[in-house]
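**Student:** Would you mind keeping the following structure in view while I ask a few things?
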Amino acid sequence: MNEMVLDEVTIFPEIPQEDKETIEQNPERNELAAKWKRRLEFARKHWAKYHKRCRYNRKIVKNVSDEADPNSEDFNIKRANLIQGTISALVPVVYARAPEISVIPKCPHEHQKAFAQTLQDLINMQLKEANLKEIGKDTVRSCVTTSIGAVKVIWQDSIYTNPMLKKRLDDAQDNLQHIDNLLTQLEEGDDSIEEYKAKREELILSMQSLEKQVEASISYGIAIDHVLIDDLLIDPTVREFSDYPNANWIAQKIPMMKADAEAQFKKKIKSANLYKLNEDEDKPRFTLGEDGQAEKDEDTQVIIWEIWDKQNQTVYTIAEGCDYFLRDPYTPEYVGARFYPFFLLPYSKVDGEFWGPSIVDLTEKLQDEHNTIRDKLVEHRNFIKPGYFVGSDVKEKDIKTIVMDNNVGSLTQLSMPTENIRNAMVPKTYPPIDPTLYDTTQVREDWEQTTGLQDAMRSSVNQAKTATEAQILQNSLTGRTAEFMDTLESWITDIAKYVAQIFVTNLDASQVLYLLGKDDPTEIVWEQMDRETAFQRVTINVVAGTSGAPNKASEQETWGKILPTISQLLGQIMQMSASGMDPKPFVNLMRETVRRFDDRIEVEQFLPAQIVQMQTQPGQMPMVAQQPGAAAQQQLPPELMSQLAAAVQQQPQ
C-alpha cells in the first residue's frame with residue numbers, strides 16, 4: 001500500500017484512489033435530476049402542514065421560550081408541563097428493554113434448528129451493537145410527540161459506497177473521510193493564508209491520530225439511524241399509513257456542510273440552496289443565508305436529498321436547488337425483501353389518513369385548561385394581602401411600624417391606649433377561595449380517558465383505592481397500552497426480518513464468525529441462500545413482552561403459581577415415559593398450562609431431551625408390547641387417570 005507523507009508524518013491507511021479525483025467545477029444539467037427536483041418541491045408543499053405541526057408539537061413538549069431570558073419567569077411557557085410528564089411515564093412502560101428476537105425453524109430438523117439459532121444470535125447481537133434500545137426509545141418518544149417515528153436500517157461496510165448515515169460505525173472511516181475533505185479544500189487554494197495554515201495543521205493532526213490507530217480499522221455491520229419524520233418526503237400518492245412500504249419513492253433530507261459535500265461527491269455545488277444554523281418558523285433548524293457571505297462561511301450547510309426509487313430499484317442523490325446528481329444513480333446491494341430501509345412507527349391510525357393524532361394533539365387543550373385554572377388560583381392567592389383598616393381619627397404620625405428581623409410580619413405601635421386599639425383597627429376582608437372554582441378533577445378525568453394514563457402509572461395516588469380498584473385500573477392500563485405495544489413489536493419484527501434477509505443473502509460463514517466473535521467454524525451452522533428459500537424455513541418474531549417495563553412482582557407471583565403444576569406434570573411425564581407409555585397427553589397439558597400462565601415460556605426447556613425428540617418426530621411411537629388385548633392394556637391406569645383429572649382442575653380459568 002502506498003504511503004502518504006506530509007511534514008514527516010506518515011499515514012498508512014490510504015483513501016480509495018477513485019475518491020481522489022479533482023472536483024468537477026461545472027456539473028452538467030441532468031433532465032432526470034431536474035425532474036426529481038420538481039417532484040421534491042411538490043412533495044414539500046404536500047407535506048408542509050404536517051411537518052409544521054411536528055415542529056409545533058416539539059415546542060409544546062419542550063415548553064421553553066427560545067426568545068426569553070433563561071433567568072426570567074417567562075423562560076418556562078406553561079406552569080405545568082403535563083404532556084412531557086405523560087410521555088416520560090408512557091415511554092418506559094412500552095419500551096424499557098432491548099427486545100429479544102426469536103427465530104423458530106418451520107421444520108424441526110436438527111440442522112434447521114442449529115441454523116435458526118445461529119441466525120437468532122446474529123440478529124440479537126447486531127441489533128444490540130447498533131444500539132436499537134436507545135434508538136428505539138428515541139423513536140417511541142418521537143412517535144408519541146409527532147404521531148410517527150422512523151428509523152433507517154443500513155448495512156455499512158464503507159462510507160464511500162453505502163447510503164449516507166448520521167450514525168456510522170465507530171471506525172477509521174470517519175477519519176479517512178475527514179482527511180479526504182481537508183485535502184480537497186487545500187487543493188482548491190481559494191482560502192486565505194491563515195485558513196490554509198489552519199486546515200493544514202488540522203490535516204496533520206488527523207493523520208497522526210489515524211496512524212496511531214486510535215480508532216478501529218474499517219469494519220462492517222448493521223447501522224441504525226433515528227430519522228425525524230419531517231426529514232422524510234413520501235410519495236404524495238400514498239394516502240394511508242399502511243401503504244407506505246408500497247410508495248413509489250421515499251426521500252430523506254440530510255443536512256451537510258457544503259465543503260464536506262463537495263469533497264465527498266467531488267462536485268462543485270454552486271446552485272444549491274445555502275443554509276445557516278438558525279431557528280425559524282418556516283425553515284426549522286436552517287435559514288437561507290445570504291449568498292455572498294454564505295459562500296465564504298465554513299459553517300454554510302446544504303440539504304442533500306437521498307431518493308429511494310422503488311419503481312426503478314435505484315437510489316439518487318441530489319442537493320436541494322441543483323438539477324444534477326451528486327453521484328451516479330445506483331442500485332443498493334444490501335437490502336431485504338422490501339426495498340426501503342425506512343421503518344415507520346405510528347402512534348395512532350385514522351382510516352383513510354396517513355397520520356393520526358399524537359399525545360400532544362390529544363391533550364394540548366386539556367393542558368391549557370389545567371394551566372389556566374392553576375394560573376387563576378395563583379393570581380387569586382397573590383391578590384390576598386392581609387391588613388387592617390383604621391379610622392380617620394388615627395393620625396399617620398401616631399402610627400409607628402417596627403419591622404421584625406425575620407420579615408414574617410410587622411409590628412405596628414399606635415400612640416393610644418391598648419384598650420382603644422380594638423375600636424381603632426378593623427381587619428381587612430378579602431374574597432374567599434372557593435375550591436370548586438379551581439378544581440381540576442374533570443380535566444384529570446378527561447386526560448385519563450384520552451391518554452389511558454391512570455393512577456396505575458403515576459408515582460403518586462390522587463385518591464386511595466382498594467386492591468380490587470387498583471387491579472381494575474392496572475387491567476385498564478394494560479388494555480390501553482396493549483395495542484401500541486403490539487404495534488411496537490410488529491415494527492421491531494419488521495426490522496429484525498429485514499436485517500435477517502441482509503444476513504442470509506449476503507454473508508458467508510467466515511463473516512458470520514467474525515460478527516459473532518467466534519473462531520471455530522464448527523460452533524455455527526450457516527447457509528447463504530436467497531430470500532425466498534430462507535424465509536420458507538424460519539419464522540422471525542419478537543418474544544412477547546420483552547421490550548416492555550419489567551414487573552418483577554407479577555413475574556414472581558406467576559412463577560409461584562405455575563411451578564407446582566409444572567413439577568407435578570413433569571413427574572407424570574417421566575413416569576409414563578419410563579413405563580413405555582405415550583406421555584403426549586401430559587406434554588400437551590403442560591404446554592396448555594404454560595400458555596395460559598405465560599406464553600413466553602417454552603415447554604421444551606423443562607422436558608428431557610429424549611421426550612423432546614420423540615415429540616418432534618411424529619412417526620416415532622413409544623415401544624409398547626403388542627399382545628392380544630393390547631388396545632385395552634394401552635389405556636391409562638386408573639391412578640394416572642385420576643392424577644390427570646386433578647391436574648386439569650388445577651389449570652387457571
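Read-outs throughout are calculated quantities, based only on the coordinates presented, and are distinct from any laboratory measurement. No experiment lies behind these values; they were computed from the predicted model shown. Cβ sites come from the backbone with ideal geometry, for glycine too, and all protein chains shown count toward neighbours.
**Student:** With each label point set 7 Å from Cα along the Cα-Cβ vector, what nm distance links Lys49 and Glu523?
**Tutor:** 5.7
**Student:** Checking the table Lys137/Lys258; Lys52/Lys268; Lys37/Lys349; Lys78/Lys253; Lys52/Lys137 against a 29 Å threshold on Cα-Cα, which pairs fail? Intermediate values should be presented prior to the final figure.
**Tutor:** Numbers: Lys137/Lys258 31 Å; Lys52/Lys268 32 Å; Lys37/Lys349 31 Å; Lys78/Lys253 32 Å; Lys52/Lys137 23 Å.
Exceeds cut-off: Lys137/Lys258; Lys52/Lys268; Lys37/Lys349; Lys78/Lys253.
**Student:** Mind checking the full-extension length gain between Asn131 and Arg338? Use 0.36 nm per residue of separation minus the Cα-Cα distance, one decimal, nm.
**Tutor:** Details: separation 207, 0.36 × 207 = 74.52 nm, distance 2.23 nm.
Full extension from Asn131 to Arg338 adds 72.3 nm.
**Student:** Rounded to the nearest 0.05, what FRET efficiency do Asp375 and Thr429 give with R0 = 25 Å and r taken as the Cβ-Cβ distance? Could you check?
**Tutor:** Numbers: r = 24 Å, r/R0 = 0.97.
The formula returns an efficiency of 0.55 here.
**Student:** If contacts are Cα pairs under 8 angstrom and at least 6 residues apart, what is the relative contact order of region 42-121 in percent?
**Tutor:** Numbers: 31 pairs, mean separation 13.0, N = 80.
It comes to 16 percent, rounded to a whole number.
**Student:** Related question: Quick check: residue separation of Asp328 and Ser490 times 0.36 nm, minus the Cα distance between them. What number comes out in nm?
**Tutor:** Gain on stretching Asp328 to Ser490: 54.8 nm.
**Student:** Roughly speaking, what is the stretch gain from Gln511 to Asp398, that is 0.36 nm per residue apart minus the C-alpha to C-alpha distance, in nm to one decimal? Don't skip to the end; give the middle numbers.
**Tutor:** Numbers: separation 113, 0.36 × 113 = 40.68 nm, distance 9.69 nm.
Additional length available on full extension: 31.0 nm.
**Student:** Rounded to the nearest 0.05, what FRET efficiency do Cys107 and Glu73 give with R0 = 60 Å and r taken as the Cβ-Cβ distance? Could you check? Show your work: numbers first, answer last.
**Tutor:** Working: r = 68 Å, r/R0 = 1.13.
It comes to 0.30.
**Student:** With a Förster radius of 41 Å, plug the Cβ-Cβ distance of Met257 and Tyr438 into 1/(1 + (r/R0)^6) and report the FRET value to the nearest 0.05.
**Tutor:** Working: r = 53 Å, r/R0 = 1.29.
Once the sixth-power term is evaluated, E becomes 0.20.
**Student:** Continuing with this model, one more query. So what's the gap between the Cα centers of region 223-256 and region 75-123, to the nearest angstrom?
**Tutor:** Here the two parts' Cα centres lie 22 Å apart.
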